[in-house]
Structure formats: structure tokens, C-alpha cells
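The values are calculated or read from the model by the stated rules, or taken from the named source; none is laboratory data. Predicted, not measured: the structure shown is a model, and the values here were computed from it. Positions of Cβ are backbone-derived with ideal geometry, glycine not excepted, and every protein chain shown enters the neighbour counts. The area values use the complete protein model at the heavy-atom level, side chains included, leaving out ligands, DNA and RNA. Shrake-Rupley method; radii C 1.70, N 1.55, O 1.52, S 1.80 Å.
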Amino acid sequence: MANYREIVTKTVLGKGKKTFTNHYSLTPEETPSTILGCWVINHNFEGSKENNKIRVKGTCDVNIWYSYDNDTKTIVSKQTISYDELLNVTKKRESNINNNSEVIVRSLGGPTCTKVEIQNGKIEYDIRKELGIEIVGDAKVRIAVDENEDEWEEITDEDDKENIMEE
């Protein structure tokens with residue numbers, strides 16, 4: 001009959017991804033004529049457990065390049081935006097998520113500007129991002145251990161000399 005041992009290891013207890021689109025508004029320094037470009041940089045974020053959900057907080061800088069004065073001059077306006085998302089991550093069957101579990105958040109699709117337009121002298125824009133969340137924690141694995149261990153062979157000095165000569 002086999003003897004069993006338990007091994008404690010790190011495993012993914014829950015995993016999921018979600019795409020977010022958020023709307024923002026910017027009041028520029030000058031009255032814009034035309035939007036020439038929009039890009040997002042410096043994306044920073046972190047995740048934490050909150051009750052049975054995962055909270056992801058983050059920031060990024062949005063740079064909007066536009067023309068003004070009847071398209072004769074250009075300028076770039078910068079806005080730092082922040083977000084706070086609360087998510088349900090489906091846990092794997094029979095997983096026990098506790099305070100020792102670690103939350104890992106990855107940016108699967110970096111934030112990008114998907115829509116930008118001028119409305120009443122303001123710049124209205126949408127930022128889209130895709131986040132992947134993993135919850136990692138301890139798990140126990142039971143394995144069967146064979147009790148009939150192989151015998152140890154005796155190594156003699158003559159065996160060592162033969163092996164050295166063969167190399």
C-alpha cells in the first residue's frame with residue numbers, strides 16, 4: 001500500500017482579464033481647432049484584495065497634441081488621470097483565497113486613446129486598457145510515495161579509477 005505525502009506549493013488560485021474604457025475631459029490652455037494626436041505614457045498600477053474582490057488602482061499621463069488659432073499653432077496638453085476598478089475574479093474550484101494570497105496585475109493591452117474630440121472648447125476622450133489579474137497562493141498536493149526504495153550500491157576505489165579512465 002502506498003504512503004502519501006503532502007507538498008505545499010504556490011499555485012494560481014484565480015485568474016481573469018478585463019477590458020476597461022473610461023471617459024475623461026480636459027480643459028486646454030488654448031481653444032483647440034483640430035486634434036493632431038493623443039498618446040498615453042507612464043502607466044502605473046497595483047492590485048489588492050478587498051473582501052471577496054480585487055481592487056486595481058492606477059495612473060497614467062495623457063498627452064493631447066492639438067492645433068489652435070485657426071490651425072496656425074500647435075501645443076501639447078498633459079493630464080494625469082487615475083482610475084480605481086473593483087473586480088470579481090473567478091477562483092478555481094476548491095481554492096482558498098486568504099490574506100496570504102498575492103495579487104498580480106499585468107497590463108495585457110496598454111492604455112490607448114480610442115476616441116478624442118472637441119466639444120464646446122473642451123477635449124473629450126476615451127482611454128481603453130486591458131488588465132490581467134492572477135491570485136497566487138499556497139496549495140497542497142498529495143502524492144503517493146513508493147516505500148520500496150532502491151538499495152545503495154557500494155562504490156569502491158577501483159570503480160572510480162575505471163570511470164576516470166573512460167572519460
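Just one residue in the set THR72, THR90 is without any contact (Cβ under 8 Å) to a residue 12 or more places away in the chain and β-branched (Val, Ile, Thr); that residue is THR72.
Evaluate segment 21-44: report whether one residue or more is within 17 Å of the chain's Cα centre (by Cα), under 21 Å from VAL103 (Cα atoms) and surrounded by 15 or more Cβ atoms within 10 Å (Cβ to Cβ). Looking for residues that are within 17 Å of the chain's Cα centre (by Cα), under 21 Å from VAL103 (Cα atoms) and surrounded by 15 or more Cβ atoms within 10 Å (Cβ to Cβ), one finds none in segment 21-44, hence no. Of the residues ASN70, ASN3, the single one that is closer than 30 Å to ILE143 by Cα and more than 28 Å from the chain's Cα centre (by Cα) is ASN3. You will find that of SER77, SER33, the residue that is polar (S, T, N, Q), farther than 15 Å from VAL136 by Cα and touching a Leu at 6+ places or on another chain (Cβ under 8 Å) is SER77 and no other. Given ILE54, ILE64, ILE75, ILE81, which one is open to solvent by less than 50 Å² (accessible area, probe 1.4 Å) and out of contact with any strand residue (DSSP E or B) (no Cβ under 6 Å at 6 or more places or on another chain)? Result of the check over ILE54, ILE64, ILE75, ILE81: ILE75.
Which residues, counting only those in segment 119-145, are within 30 Å of LEU36 (Cα to Cα), assigned to a strand (DSSP E or B) and open to solvent by less than 60 Å² (accessible area, probe 1.4 Å)? Give the derivation first.
First, the residues of segment 119-145 that are within 30 Å of LEU36 (Cα to Cα): 119-131.
The next check asks that each one be assigned to a strand (DSSP E or B); those that pass are 119, 122-131.
Hits for segment 119-145 are ILE123, GLU124, TYR125, ASP126, ILE127, LYS129, GLU130, LEU131.
Condition first: under 30 Å from VAL8 (Cβ atoms) and among the charged types (D, E, K, R). Can you find one or more residues in segment 103-118 that meet it? Yes, segment 103-118 contains at least one residue that is under 30 Å from VAL8 (Cβ atoms) and among the charged types (D, E, K, R).
So that you can scan it fast, the table gives a plain yes or no per residue for (1) among the β-branched types (Val, Ile, Thr); (2) more than 16 Å from THR112 (Cβ to Cβ):
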residue	(1), (2)
TYR4	no, yes
LEU13	no, yes
GLU46	no, yes
ASN51	no, yes
VAL56	yes, yes
CYS60	no, no
TYR68	no, yes
GLU85	no, yes
ASN88	no, yes
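Just the residues that are more than 19 Å from TYR66 (Cβ to Cβ) and of a type in the set (S, T, N, Q), please, taken from segment 101-125. Listed by number, the residues that qualify are SER101, SER107.
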